[in-house]
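Only the coordinates and a few stated rules stand behind these numbers; no lab work does. The shown structure was predicted, so the numbers you read here are calculated from the model rather than taken from an experiment. Quick reminder, even Gly has a Cβ in these numbers, built from the backbone with ideal geometry, and neighbours come from all protein chains shown.
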Amino acid sequence: MIDLLIQISQRPIVITLAIAGALLVTAGSLVAKPRGSDTPEPAVDDARGTLARRLTNIGYVVTMVSVALFIVAGFVSDLRP
């Protein structure tokens, strides 16, 4: 179990997850925005809004996993060979 935690909490994995989470949240934000300044907001929730929320939520989850692995890395740093 400790060996698995040491493997998944390596720096490249944590950094990759943090960047991927940030990109997903950014993509969700970009999908949610209307394209033009004169474009009215849709009155009903559409597929685009659903996609934006899903991208944002997945991005936050990936970022939180990265933070959790960063914390785990701190705890297992003394156990590394």
FRET E, pair residue 15, residue 46, Förster distance 25 Å, beta-carbon r, rounded to 0.05: 0.10
Using a Förster distance of 22 Å, the FRET efficiency for residue 2-residue 67 (Cβ separation, nearest 0.05): 0.65
9 Å beta-carbon shell around residue 32, net charge (K/R +1, D/E -1): +3
